[in-house]
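The values are calculated or read from the model by the stated rules, or taken from the named source; none is laboratory data. In this text the structure is predicted, and so the values were computed from the model without any measurement. Ideal geometry is used to build each Cβ from the backbone, glycine not excepted, and the neighbour counts take in all protein chains shown.
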Amino acid sequence: MVFMLKNNNTRVLTRMAGRSLKSGRRQSVTMILAVLLSAFMLFGVFTVGMTYFKMQRLQNIRLGGGEFDAIMYGVTDEQLRTCRENPDILRFGVHAVSGYIDETEYDNTPEVTLMWADETCWNEIMAPARERVEGHYPVEEDEVMVTEYALEKCGFHGLNVGDTFTAVYGAGAVKCEKTFRISGIWEGFGEKSAFYVSEKFYEQTGLDPADVASGRFLIDFRQKLISQEEQDAFIASMNLGKQQRLFFTVDFAFSVQILTGIAGLALVICLCAYLLIYNIMYLSVAGNIRYYGLLQTIGMTGRQICGLIRRQMFLVGGIGLAGGVLLGSGVSFLVVPSVVKSLGIRMGKGGEIAVSFHPLILLLTLLLTGITVYIAGRKPAKIAVTCSPMEALGYRPSADVRRRGRLGGSRRKAGRQPRSGCKDTVRDISPSARIWRMAKEQITKDKRKAGIVMLSLAAGMSVFLCIATLLTSQAKREYNYNFRDFDMVVKNSTMRKEEQEERVQIFDQTVLDRLDAIEGVAETAPLRYAEITVPWEPEFADMWMREFYETWMNIPYEDEVEEYKEFPENFGSSLVGISKADFEALNAASGEPVDEEEFLEGKTCLLYRDGLEFKSSDVTGKSVTCAAYGDRTHTQTFEIGGLVDVNDYTALLGYPPTIIVSEDVVREFAEEPIIYKIGIRYREEYDAKTEAEILSVLDAGPHGKDYSYESRIEMKKEVEKAQGNMMEIGIGIALILALIGMMNYVNTFVGNIRSRRVEIAVLESIGMTGRQVKKMLILEGLLYAGGAWVITGIAGTAATYWIYQSMNYTGAEFVIPAVPLLCAAVISVLICISVPAIAYREIEKKGIVEYIKMPVC
Amino acid sequence: MESWIVETRGLKKYYRLGDHIVRALDGVDFTVREQEFVAIIGRSGSGKSTLLHMVGGLDTPTEGEVMVAGRSLSGMTKEELAIFRRRKVGFIFQNYNLVPDLNVYENVVLPIELDGKRVDREFTAEILDVLKLTEKREALPGMLSGGQQQRAAIARALASKPAIILADEPTGNLDTASGHDVLGLLKVVAKQFQQTLVLITHDQDIAQMADRIVCIEDGQIRKGRGLHA
């Protein structure tokens, strides 16, 4: 009986692995660098990427004023119970409208609301959007939590915690003067033009969170990944009333798509890393096949060679991984925060995004890099083991005789004309054509290898393309909520007054003339309205009011229909006049365009749908009659052209419909229709000087405090503040990936040229000049780059489009950024030209003689 | 005065190997007449290949001068040497050194094409015919036997009508029969196309086929052994 004893050769194999790495220092450094870069890329990209998405979430928190995933208008006790029992919900809070500040001694139209937030809402949901809090949330009935912004809107300056102020407030049917005590001041993002009141105050107003006009119910889910089906199921479980609405925040609603997009990106990154390590390992091991053959000739078994290569991989992988993680940590934890700091982003509570260590990222990096090194080393190890000693001594990685043999055979079998050599088809070709053909042959002779090089280059470029596209679209997102994309929209704040006589013409002809006179103003577009009633009639008015009550009111229509019939003045609405340009914009946004001529002539009108469940076909063709407010005899009837959902053209929303007609019709109908808003377009976008001039004109008049405005400049500032340094980090990721892609190409190409030095020496020996060799190599480089760009153009663009659309919840147009792409193309061409030239110079130094004695095939 | 197609004077090639200086060639004066067939013999490491590389412009001497077809190689740039090789020298290597991606015909005409000259099709066809490669002209090197590959290499060396053909152990990778066959053909075509041929070999039998034998030992030509008719 023969016992096989385990041969203890671990020490010798480890020593040999270490020695071979030392002796082939240059090659070892390249391999370690490859692993290091891949580990760095994965670690850095995951860490910085996670920070990026955290920042995106922070941006949404800031824009939404709190950390929540869904908002519901109105919440009943039954729904509160359902939410309490739902294990998927992490927390929920009530954020309720409690009234408004009607006037103060300094401002008649402060436009400040009164809000109440329950404990969870204030302390947990809204906390991440706050940057500073002084004092405490109101407890007593007269206490308020304020922002300096809201105080200024009321005309108060220099008030602090503990100070009091007096204001007239309205809440439900109540309107009275009250002295409020400031219990706290906060700054940050969210409802800044609001005073937060106590629960006691809210209770005494008689308002109810169940009322959709008051209660806003904010829900934060435990799980951040939720499919459309789950969203629908949650909405169904809430059993919404007809008036209630539930919306998911965009990043939550599209969470699955966003995650799929991120996974796609991570996959491409891993592919980049795999190709980089695989190529270098393959070239390195393949270049050492003679060495392994030598080991076999002196009696090393295949298993031992495998063990040797595994140990080499382990050493290379270990050093590279440690270096990569260290480098990644350095960049993530030192460089990024310092960049963040230098950009003026505060690292504190309420806005903090500290790059934090996550063990999962480290684990993922170790796992992915480890697997990649293992897979990348498997095939070369297999080659080293399966190659017989004699074959190994003659092995050359760039020459595959069998494959070329088959190629030649297939060419003949296919009956194609020979390229040259046949008496009938012999053509003289120029040296350039010959070099071009040789470069082409080099690419096509080993399609798999050429494919891998092109794919690795294309992967890097595709990731660059993808991130550049996402970032460009992010940067271009302008958040312009102004109608017809005006640069500024000023609003008449007296419109919020309860009494009709308090709603006055603050934008008179003088103001309009002054605005038009400003040099930087290109266009002013005033919107006028007249207050109207819509007298009861069975055909249309009754149908509308019935639906309105069903949707928006808690009391049945029947209880008030008699009052409506008798006193339509108690049910006021507005007749809004719009210009031809406004009409065109409305028609373009509407799915069912209306005849322009009939509209402008005053024959037809449009109605604002106001959330009612009417289809255009339900009302189109019917007639609607309006009467001047306070004069039942002055009426006008229009044929209804259709319904619109755009709420840019509503003035005072009443129970009856807002009737939108041509501006000439309003002017004829009312003596002096009030201008309730003006759209202003500048000659140059974001012209701060023009904006300042406009504001000074508006401030100068007698109604200097009775207007409010929204401008693109202000929106841009707010968005930029909310975005923080998201853009810079995104650019950083794109650049790292592009660099990795290029390094992959450089490594592969240099390795490729090194492995072909015998072939190049042969060409030189028969008289190919250095310039001709360089030209051939550069052509090869350009072919690789061309191939990579074709792959990027087709597969990369398709993947980018898919990732983009899956993450494009804003509905922004897919536009490939031309400038970054052009830069990438120029850089890649430069690299493809310079790398072969530099690599050739390196091998050229060693001369020809050393190599021509080696076998070519 | 006799006209030499190849003439070296005081040719030296020294290498540094660790702390030692290796004298691969140590003052070689070597000449070849036009249309002469010279065999260079010597032990492994004697310097015969180095001499051939110097004459072919593949390597540069440490000292001394090489004249080929009346032109001195010293002072030539790399580009000039490459052009010199493709116009004046035809190489035949032990490993054939055919470009694996090009077929036989393409390999044969490659130096001419790289020179931007018109390929003499009749001459090329004649060479292929003499070397029995007409049928194989479209085959890639990988599809040929060793003997056929070496014949293709000979065809390539002849095609550009060089001043001299340098063959470095052309039969080293071939079996005896193929070796003699290839060498026989080489001698025939060299005569037929009036070529000068310098051949390196270990094989005394092969060397006997030459007009003259030159023996190199320790980087120097051994006196008294270099004559043969």
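Just a few scattered comments:
- One residue stands out in the range B:160-171 among those that are more than 10 Å from every other protein chain (Cβ to nearest Cβ) and modelled with pLDDT under 90: the one that is surrounded by the most Cβ atoms within 10 Å (Cβ to Cβ), namely B:Pro170.
- Residues within the range B:129-141 that are part of a helix (DSSP H, G or I) and within 9 Å of chain A (Cβ to nearest Cβ), tallied: 1
- Residue within the range B:175-194 that is surrounded by fewer than 22 Cβ atoms within 10 Å (Cβ to Cβ), under 30 Å from A:Ile435 (Cα atoms) and in contact with a Lys or Arg (Cβ under 9 Å, 6 or more places away or on another chain) present: yes
- Listed by first and then second residue, the pairs with beta-carbon distance under 9 Å, at least 6 apart or on different chains, first residue in the range A:494-520 and not assigned by TED's automatic domain parsing to the domain that holds A:Thr533 and assigned to a helix (DSSP H, G or I), second among the acidic types (Asp, Glu) and surrounded by 12 or more Cβ atoms within 10 Å (Cβ to Cβ), are A:Thr494/A:Glu502; A:Thr494/A:Asp706; A:Arg496/A:Asp102; A:Arg496/A:Glu111; A:Gln500/A:Glu531.
- Some residue of the range A:577-594 being at pLDDT 90 or above and part of a strand (DSSP E or B): yes
- Flag for B:Thr50 being out of contact with any Phe, Trp or Tyr (no Cβ under 7 Å at 6 or more places or on another chain) and either polar (S, T, N, Q) or assigned to a loop (DSSP other than H, G, I, E, B) (or both): yes
- Index of the failed condition, A:Glu592 passing every other in (1) within 30 Å of A:Tyr707 (Cα to Cα); (2) touching a helix residue (DSSP H, G or I) at 6+ places or on another chain (Cβ under 6 Å): (1)
Listed here are the residues, each with its yes/no results for (1) under 26 Å from B:Pro170 (Cα atoms); (2) not in a loop (DSSP other than H, G, I, E, B).
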| position | (1), (2) |
| --- | --- |
| B:Lys13 | yes, yes |
| B:Ile21 | no, yes |
| B:Ala24 | yes, yes |
| B:Asp29 | yes, yes |
| B:Gln35 | yes, no |
| B:Ile40 | yes, yes |
| B:Met54 | yes, yes |
| B:Leu58 | yes, no |
| B:Met76 | no, no |
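- Condition check for B:Ile200: in a strand (DSSP E or B) and either without any contact (Cβ under 8 Å) to a residue 12 or more places away in the chain or farther than 19 Å from B:Gly90 by Cα (or both): no
Per-residue answers, yes or no, for (1) in contact (Cβ under 8 Å) with a residue 24 or more places away in the chain; (2) in a helix (DSSP H, G or I):
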{"residue": "A:Asn60", "(1), (2)": "yes, yes"}
{"residue": "A:Met72", "(1), (2)": "yes, no"}
{"residue": "A:Glu78", "(1), (2)": "yes, yes"}
{"residue": "A:Arg84", "(1), (2)": "no, yes"}
{"residue": "A:Pro87", "(1), (2)": "yes, no"}
{"residue": "A:Leu90", "(1), (2)": "yes, no"}
{"residue": "A:Gly93", "(1), (2)": "yes, no"}
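- Cross-chain or 6+ apart pairs with Cβ under 7 Å, the range A:232-260 first and farther than 10 Å from A:Ala70 by Cα and part of a helix (DSSP H, G or I), then acidic (Asp, Glu) and at pLDDT below 80: A:Ile258/A:Asp251
- Looking only at residues of the range A:419-471 that are among the β-branched types (Val, Ile, Thr), assigned to a helix (DSSP H, G or I) and surrounded by fewer than 19 Cβ atoms within 10 Å (Cβ to Cβ), we find that the one that is modelled with the lowest pLDDT is A:Ile452.
Here's the yes/no breakdown for (1) surrounded by 19 or more Cβ atoms within 10 Å (Cβ to Cβ); (2) in contact with a Pro (Cβ under 7 Å, 6 or more places away or on another chain); (3) at the interface with chain A (Cβ under 7 Å from one of its Cβ atoms):
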{"position": "B:Met67", "(1), (2), (3)": "no, no, no"}
{"position": "B:Glu80", "(1), (2), (3)": "no, no, no"}
{"position": "B:Arg86", "(1), (2), (3)": "yes, yes, yes"}
{"position": "B:Ile92", "(1), (2), (3)": "yes, yes, no"}
{"position": "B:Glu106", "(1), (2), (3)": "yes, no, yes"}
{"position": "B:Pro111", "(1), (2), (3)": "yes, no, yes"}
{"position": "B:Lys117", "(1), (2), (3)": "no, no, no"}
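- Flag for A:Ile89 being among the hydrophobic types (A, V, I, L, M, F, W, C), closer than 30 Å to A:Glu199 by Cβ and modelled with pLDDT of 85 or more: yes
- For the range A:152-171, the candidate set comprises residues that are without any contact (Cβ under 8 Å) to a residue 12 or more places away in the chain and of a type outside the set (D, E, K, R); within that set, the residue that is surrounded by the fewest Cβ atoms within 10 Å (Cβ to Cβ) is A:Gly158.
- Wholly enclosed strands (runs of 3 or more DSSP E) of the range A:607-670 bearing at least 2 residues in contact (Cβ under 8 Å) with a residue 60 or more places away in the chain and of a type in the set (A, V, I, L, M): A:623-628, A:659-662
- Annotation: A:Ser828 fulfils all but one of (1) in a helix (DSSP H, G or I); (2) modelled with pLDDT of 75 or more; (3) surrounded by fewer than 18 Cβ atoms within 10 Å (Cβ to Cβ); the unmet one is (3).
- Checking the range B:96-104 against the condition returns no match, with no residue being in contact with a Leu (Cβ under 7 Å, 6 or more places away or on another chain), within 8 Å of another protein chain (Cβ to nearest Cβ) and within 27 Å of B:Asp218 (Cα to Cα).
- On the stretch given as the range B:98-117, residues that are in a loop (DSSP other than H, G, I, E, B) and at pLDDT 85 or above total 2.
- Filtered by the rule that a residue be assigned to a helix (DSSP H, G or I), among the small types (Gly, Ala, Ser) and at the interface with chain B (Cβ under 7 Å from one of its Cβ atoms), the range A:756-772 gives A:Ser765, A:Gly770.
- Within the range B:210-229, tally of residues that are at pLDDT 85 or above, out of contact with any Gly (no Cβ under 8 Å at 6 or more places or on another chain) and farther than 17 Å from B:Ile5 by Cα: 1
- Scan the range B:119-128 for residues that are in a loop (DSSP other than H, G, I, E, B) and at the interface with another protein chain (Cβ under 7 Å from one of its Cβ atoms) and the total you get is 1.
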